[in-house]
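One structure below.
The values are calculated or read from the model by the stated rules, or taken from the named source; none is laboratory data. Computed from a prediction, not measured in an experiment: that's the story for all the values here. Don't worry about glycine lacking a Cβ; one is built from the backbone with ideal geometry, like all the others, and counts go over all protein chains shown.
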Protein chains: 2
Amino acid sequence: MHNFTLSMPTKIFFGKSQIDVLGEQIKNHSGTKVLICYGSNRIKESGLLDTITNLLYENNIAYCELSGIQPNPRIRSVRKGIEICRENDVDFILAVGGGSIIDCAKTIAAGVFHDGDPWDFFTDKAKVTDALPIATVLTLAATGSEMNGNAVITNVEAVNKKALRTSMIIPAFSILDPEYTYTVPKYHTAAGTADIMSHVFEQYFSTPEDIFIQTQLAEAILKTTIKYGPVALKEPENYEARANLLFAGTLALNDLLSFGLDGDWAVHVIEHAISAISDLTHGVGLAILTPPWMRYVLDENNVEKLCNLSVNVFEIPSGNNKMEIARQGIDKLQSFFASLEIPARLSEVGIKEDQLEQIAKIAAPSDTIGSFKELNYNDVLEILKTAL
Amino acid sequence: MHNFTLSMPTKIFFGKSQIDVLGEQIKNHSGTKVLICYGSNRIKESGLLDTITNLLYENNIAYCELSGIQPNPRIRSVRKGIEICRENDVDFILAVGGGSIIDCAKTIAAGVFHDGDPWDFFTDKAKVTDALPIATVLTLAATGSEMNGNAVITNVEAVNKKALRTSMIIPAFSILDPEYTYTVPKYHTAAGTADIMSHVFEQYFSTPEDIFIQTQLAEAILKTTIKYGPVALKEPENYEARANLLFAGTLALNDLLSFGLDGDWAVHVIEHAISAISDLTHGVGLAILTPPWMRYVLDENNVEKLCNLSVNVFEIPSGNNKMEIARQGIDKLQSFFASLEIPARLSEVGIKEDQLEQIAKIAAPSDTIGSFKELNYNDVLEILKTAL
């Protein structure tokens with residue numbers, strides 16, 4: 001186990017009607033003028049936006065809004081948010097939505113203090129030195145962004161999607177009411193489930209080897225998603241399923257699974273390259289890529305780990321032919337994603353063969369990616385071909 | 001799943017040589033005069049105390065000491081610590097040791113601000129309103145006190161051992177170096193392992209029923225202790241074993257397993273009653289009591305949960321006779337504790353039959369205890385008899 005520092009300062013308010021703490025909590029963080037960030041109309045139609053603005057009004061907290069933030073959030077939304085903050089002396093950022101909204105809000109919070117373009121954070125031209133306090137009202141079980149310091153932003157002009165990671169943008173608090181996820185459409189419930197599972201896999205397949213406790217915790221989250229993903233699809237208003245899934249998403253990427261290890265993250269890097277050019281739903285891309293990635297990296301050195309996954313998570317009977325057991329687990333994962341009605345191939349989501357080289361070039365332009373198994377441009381291209 | 005608020009503000013520095021951050025971190029929390037709390041000579045002999053005082057000296061941080069804090073820490077140590085703090089204008093508390101030292105330090109940190117006796121906190125005569133910042137340097141895998149707001153103190157005169165729980169006394173940071181646990185004697189390594197497992201059981205056996213994710217996480221911690229407890233006993237300097245056990249102890253009681261549920265805690269209440277009159281090592285008492293408690297509470301309504309424990313954690317083959325499978329798991333748990341060379345019966349640790357009524361009276365004086373299954377005085381007495 002590597003040395004590590006673990007800090008999880010986000011306070012979580014989980015359950016029905018927890019939104020009631022919003023005003024008091026914002027005031028605890030000295031918020032007087034809030035930028036509410038959101039995306040689609042779902043939170044308007046559900047009445048959540050009205051609930052929030054009423055709560056702010058009752059607590060004498062002023063607010064302005066940034067709406068229309070898209071999935072794969074754009075750097076231009078960040079720029080617009082920063083402008084609104086500066087014009088209105090905003091001192092607190094509230095993200096209402098899923099990971100895209102939260103990531104956009106985080107980058108705005110940091111960008112306000114940067115005398116330059118916020119894309120600089122993603123190209124290592126600038127470091128985050130300060131950020132406005134951030135809170136989130138989560139409406140989708142997926143990214144874990146509600147309890148970590150990550151933000152992923154797409155730059156359409158630069159044809160790139162990149163990640164920022166700094167403790168400065170960890171939310172001060174997050175409100176997680178499983179009922180807010182009742183209205184998530186099937187497609188996004190499925191994609192969110194795949195996203196959670198991919199986060200776990202990226203940390204499950206890692207180095208060094210003496211990470212038994214992390215491995216057990218990772219399997220705990222995987223079993224939860226496998227049990228409740230299908231239930232949430234069939235019964236969108238099943239509280240138990242939505243609650244277990246929602247917090248599985250948080251725990252999958254709040255450092256609980258990553259302490260003391262080097263995650264792999266190659267699948268994420270490849271998926272980011274795909275969605276930079278195609279605006280694919282992140283979780284769908286991950287679900288398509290993960291089984292081909294597993295088949296490609298599987299070898300005699302790591303068969304034990306993939307075999308454990310098969311036995312412990314996918315209930316494949318243990319036995320002597322570990323390579324075969326590992327393959328059966330990968331097949332079962334692919335069947336699971338298919339059962340969630342997620343497309344199985346890149347060609348089904350509009351990716352053409354002649355785009356694969358461009359994707360591989362964005363993903364692995366020169367260095368290798370991944371740590372469980374290092375992959376270069378040619379490896380990535382091979383994986384993309386089998387995923388097509 | 002119940003609504004919950006989750007806050008884990010303690011920053012963890014885990015691994016070899018992490019003690020190097022001590023001075024800087026204390027200064028981050030404005031510490032200028034530190035009370036170092038410790039117990040036995042082990043930290044003197046190992047050189048750890050010298051390392052710490054040198055680091056404080058190098059960082060121009062003054063310090064005074066409270067030594068001789070005992071296992072089952074006494075309220076009189078707390079009183080003495082408060083006196084030292086007041087006389088020396090102490091502004092930061094550093095606990096160096098295991099749970100007993102940390103619990104004593106926490107109570108001192110709160111007691112400094114209380115105009116009265118610190119035992120008042122444990123009898124609901126006073127509430128904690130403020131506390132000095134606390135940090136810990138952990139030397140024993142057991143209580144989880146390094147990342148929570150709990151403190152358990154013994155009052156010898158009142159023949160009682162009681163718990164305090166408040167966010168005010170959650171450590172600001174904790175340093176966990178597995179190498180500091182290399183010198184923990186076999187008996188205390190075993191007792192610590194049992195303590196960790198008992199914390200998990202108290203949360204595993206809980207209500208309501210829709211706590212799948214918490215149950216998976218609890219099983220993850222149990223599997224870790226079952227794998228590494230015996231290794232740490234046989235190879236005290238096995239870093240992998242010590243590291244996995246050490247963080248298992250932290251995660252077993254830092255709210256990661258308790259969110260959204262009502263833990264049982266009856267075994268802890270009974271053990272506290274025993275150690276109030278006998279000074280028994282906490283983990284040993286828990287190991288003795290847990291199997292008899294399980295056998296006593298097992299019934300048709302909860303057989304599923306105990307059966308799951310057998311199958312998922314103790315590798316008992318699943319089958320139709322759930323009651324039998326549940327009993328086999330309890331037997332296997334008892335064998336596991338025996339393999340750690342922990343005494344199996346209260347009579348082996350000096351408890352006499354004529355003390356059982358007194359213990360039951362302290363544990364369940366009027367109300368029932370436990371939530372998974374409520375127990376009254378007579379129930380407790382029955383469990384004690386079978387544990388004798």
- Message: Checking the conditions here, which among B:Leu245, B:Leu176, B:Leu222 is surrounded by 21 or more Cβ atoms within 10 Å (Cβ to Cβ), under 30 Å from B:Ser30 (Cβ atoms) and at pLDDT 95 or above?
- Response: B:Leu176
- If you go through the stretch B:75-106, how many residues are within 25 Å of B:Thr189 (Cα to Cα) and touching a helix residue (DSSP H, G or I) at 6+ places or on another chain (Cβ under 8 Å)? 12
- Counting only residues that are touching a residue at least 40 places away in the same chain (Cβ under 8 Å), more than 11 Å from chain B (Cβ to nearest Cβ) and within 26 Å of A:Leu375 (Cα to Cα), give me the helices (runs of 4 or more DSSP H) lying completely in the stretch A:178-297 with at least 3 of them. A:186-204, A:266-278, A:282-297
- Query: Is one or more of the residues making up the stretch A:347-356 under 18 Å from A:Ser278 (Cα atoms), under 24 Å from the mean Cα position of the chain (by Cα) and part of a loop (DSSP other than H, G, I, E, B)?
  - Reply: yes
- Item | From the options B:Lys332, B:Lys322, residue that is within 24 Å of the chain's Cα centre (by Cα) and surrounded by 17 or more Cβ atoms within 10 Å (Cβ to Cβ) | B:Lys332
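Quick one: which of B:Leu298, B:Leu309 is within 24 Å of A:Glu219 (Cβ to Cβ) and in the same structural domain as B:Thr224 (by TED's automatic domain parsing)?
Checking each option against the conditions leaves just B:Leu309.
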- Given (1) farther than 18 Å from A:Ala194 by Cα; (2) modelled with pLDDT of 95 or more; (3) hydroxyl-bearing (Ser, Thr, Tyr), index of the condition A:Thr207 fails: (2)
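Within the stretch A:147-170, count every residue that is in a loop (DSSP other than H, G, I, E, B) and surrounded by fewer than 19 Cβ atoms within 10 Å (Cβ to Cβ).
Number of matching residues: 5.
From B:His282, B:His272, which residue is in contact with an Asp or Glu (Cβ under 7 Å, 6 or more places away or on another chain) and modelled with pLDDT under 95?
The match here is B:His282.
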- Could you figure out which of (1) hydroxyl-bearing (Ser, Thr, Tyr); (2) more than 17 Å from B:Met168 (Cβ to Cβ); (3) surrounded by fewer than 21 Cβ atoms within 10 Å (Cβ to Cβ) isn't true of B:Ser100? (3)
- Odd one out for A:Ser371 among (1) loosely packed, with under 14 Cβ neighbours inside 10 Å; (2) in a loop (DSSP other than H, G, I, E, B): (1)
- Sole residue being surrounded by fewer than 17 Cβ atoms within 10 Å (Cβ to Cβ), within 30 Å of A:Arg76 (Cβ to Cβ) and among the β-branched types (Val, Ile, Thr), chosen from A:Thr10, A:Thr32: A:Thr32
- Item | Residue that is farthest from B:Ala287 (Cα to Cα) [pool: residues in the stretch B:315-346 that are of a type in the set (D, E, K, R) and part of a helix (DSSP H, G or I)] | B:Lys322
- Message: So, A:Ile43, is that one at pLDDT below 95, touching a Gly at 6+ places or on another chain (Cβ under 8 Å) and in the same structural domain as A:Ile101 (by TED's automatic domain parsing) or not?
- Response: yes
- Answer from A:Ala109, A:Ala142 - the residue that is within 19 Å of the chain's Cα centre (by Cα), in a loop (DSSP other than H, G, I, E, B) and under 28 Å from A:Ile362 (Cα atoms): A:Ala142
